[in-house]
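Input: a single structure, listed below in structure tokens.
Values quoted throughout were computed directly from the atomic coordinates according to the rules given, and no laboratory measurement underlies them. Nothing here was measured: the structure is a model prediction, and the numbers come from that model. All Cβ positions, glycine included, derive from the backbone under ideal geometry; neighbour counts span all protein chains shown.
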Amino acid sequence: MTSAPTGSRAIGAPVPRLEGRAKVTGTAPYAYDQPVEAPLYLAAVTSTSARGHITAIDTAAADRLDGVVAVLTHENAPRLASDENAELWVLQSDEVAFRGQLIGAVVASRPEIAAQAAGLVRVEYDARPHDVEPGPGRDDLYAPATVNTGLETDTIAGDVDAAMADAAVTLDRTYSTPLQFHVPMEPQTAVARWDRDGGGDRLTLYDSTQGVIRMRQIMAAVLGLPPDRVEVISPHVGGGFGSKLRPKAHHVLVALAARTVEGRPVKFALPRRLTFAGSGYRPSTVQRIRLGADADGRLTAIAHDAVGGTSKLVEFAEQTALATRTMYAAPNRRTTHRLAALDVSVPTVMRAPGEAPGMFALESAMDELAVACGLDPIELRVRNEPGRDPETGLPYSTRNLVACLREGARRFGWTDRDPAPAARLDDGWLTGTGVAAATYPAYPVIGPSNAAIRALAGGRYRVDIAAADIGTGSRTALTQIAADALAVPLDAVDLRLGESTLPAAAPAAGSMGLGGWGSAVIAAARAFREKYGTAPAEGAEAGATGAGVPGAGKVALHAFGAQFAEVRVHADTGEIRVPRLLGVFAVGRVVNPRTARSQLTGGMVMGLSAALHEHGVMDPGPGQVVTRDLADYHIAAHADVQDVDAVWIDEADPHYNELGAKGVGEIGIVGVAAAIANAAFHATGVRVRDLPLTPDAFL
Ligand code: MOS
């Protein structure tokens, strides 16, 4: 029998990334780097109207340019098979649904020629009035049937209004978060080749994706190919954050182009401007929070009403109020989600969709309530700890929020904190500290993953799984899991992932990746050892499917954390600095402390970036995002990132998976913006309820 993960040797070790040297020496092939034979290059034509129809599209000048191989528009593009996802119904009609939509493509021998030719395509529109801003004051908001991941749109228990009327302390505040964009270091890239052989049509797609199997399935359906005639290869991914989870219009565009020039590979890298125009983003939110409490700060009512924007093309309903359903005890509860349907590109999941904006609002409101009650904000949260999940009534598998708050308080030096706002001036800087809770679901909705193991020569093993390593270190962590499950040294395992021909596995999403994939690897190792023992013949092979979530439906499964921030605001200029961030997390067993810490601190830096900088601006005139490069869309730079540390408490959650590991990909960003806003209030006495916190807010 194989050794179980507990008592193992590789799991828990801070193993450096196995592909780290290849990455830093430039020898790890990302999608665009794939050494394909005689590639062609694609440049996109995009709409300059936000809504309407194309009445004329003139490609003559583009066609004439030397080096141009093909120009595609809705008038000549190959037909697609499925319009189930309107975002992927590319070049199939003259309709324009948002500004920046892909409406044509040029394929040429050089990328410069393709770009020049794309600029020569003349388009005329029958433009219609467009509607691109979700608020305020709209009367056409609607309730979606469900919110993201199929969750209930509204939840109501008890009577919030009556409880608010009777409460000793009440709070009714509105918070907002802007459009936010994931801009991974490696842009969206794809290389497609279309071939025809005895078996018919066949697409090979080198892609930068969070899930090769999902990509294969959806692309096959859209293109009308059997799934086994689509191969997706994605060995290395330079960041995703949700933006590379779902196939986007450019995937279809490059496939259509490849089909047109059959046999020649077509390369496409989405320019940064198009990253902002139509490859997914976090929608803006306006959130009303109402809290009612007794004189001791015990919540009697908690209500969270979230409004966001979606695209008319495809609905995306950010689950903004989800965390509020589980965070605190209160007999009277309400969460709602409403949407404005807009002529904009389709939003998508972005690191901690729901929790990141939602916990900014809730955890800011909890800080305001602590001030109103004259209570320490940690003590307020401790007083409102639920014994069971308020949403489902189920016991928690593990809920170590209080442990995180207490450990953080000890490490951060919270105990001697003077709660008075605007009371510390240090050489022109007002200083303060703040805290916020973090949570992220351990989602039980993941599809099963499969893995296969094959004995190689010399006591080595190959482990195959169509998992993704989007820069998180999952290749390394999975190798650790495999080594322990096979009871062999780390370097005896040769793990392959990121190819759709490998055993099907779930995508990297919802912080579910490692747990699901790891369970499959453990199951495969067990099956292998049961079949062949510890001295298998070379070529011996076994596969297995990972177990489901053992605690699903029996316990409430969530990760928790506590974020602490120290903030300095310049008394004269309002300049805001964050010299210190500390996150303490309860995320189950940590498989690789080095890569886990990197995920958690990376999430915290993204939260810092959201707190201080990130602000996507929609210009209602042209109906376009005007912050569409990293000069206009500011993100945290090195100078912003000072002392950032992440630690975790000892925990294992066997109710989630055999590893006892909850995910670490998303919880790091949750609560950071609130901790910073709360610290800024403590520093200045100014409560900022709208992200980002810019200097003008403090003057
Ligand atoms: Mo992650 S935002 O669930 O891809």
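For residue 238, nonlocal amide neighbours, meaning residues 5 or more places apart or on other chains whose placed amide H falls under 5 Å from its own, are 186. Measuring from centroid to centroid over Cα atoms, what is the spacing of region 485-499 and region 217-287 in Å? That distance is 29 Å. Once the convex hull of all Cα atoms in the chain is built, its volume per residue stands at 157 Å³. Once you have a ≥ b ≥ c as the square roots of the Cα gyration tensor eigenvalues for region 127-184, tell me rounded if a/c is under 1.5, and otherwise prolate or oblate according to whether a/b is larger than b/c. Note, shape of region 127-184 comes out prolate. Here the Karplus curve 6.51 cos²θ - 1.76 cosθ + 1.60, taken at θ = phi - 60°, turns the phi angles of region 62-77 into couplings of 5, 4, 6, 5, 4, x, 7, 9, 7, 10, 10, 9, 5, 7, 10, 5 Hz, with x standing for Gly and Pro. Counting neighbouring beta carbons within 10 Å and listing from fewest to most, the residues 49, 511 come out as 49, 511. Comparing 209, 251, 679 along the charge dipole axis of the chain, the residue lying farthest to the positive side is 209, per the Cβ-charge model. In a reduced charge model with +1 at each Lys and Arg Cβ and -1 at each Asp and Glu Cβ, region 78-213 shows a dipole moment near 880 debye about its Cα centre.
Legend: distances between Cα atoms for 244/267; 554/662; 312/662; pairs beyond 28 Å are 312/662.
Hydrophobic long helices, here whole DSSP H runs in the chain with Kyte-Doolittle means of at least -1.0 and Cα atoms spread over 15 Å or more along the helix axis, are found at 212-223, 249-260, 355-373, 401-412, 474-486, 513-532, 593-612, 672-684.
Taking +1 at the Cβ of each Lys and Arg and -1 at the Cβ of each Asp and Glu, which of 606, 165, 621 sits farthest along the dipole of the chain towards its positive end, judged by Cα position relative to the Cα centre? Positive-end residue among those listed: 606. Under the convention that each Lys and Arg Cβ holds +1 and each Asp and Glu Cβ holds -1, the size of the dipole of region 285-438 around its Cα centre is about 420 debye. Within region 450-546, the GluC sites (Glu not before Pro) that combine a DSSP coil assignment with at most 11 other C-beta atoms in a 10 angstrom radius are 538. Over the chain, dividing the summed -39,500 (n - 2.57) contributions of all DSSP H runs of at least 4 residues by the number of residues returns a 222 nm mean residue ellipticity of -7000 deg cm²/dmol. Partners of residue 248 within straight-line reach, counting aspartates and glutamates whose Cα lies under 15 Å from its Cα and excluding those fewer than 8 residues away in the same chain: 83, 84, 87, 207, 315. Its Cα centre serving as origin, the chain has a Cβ charge dipole (Lys and Arg +1, Asp and Glu -1) of approximately 1520 debye.
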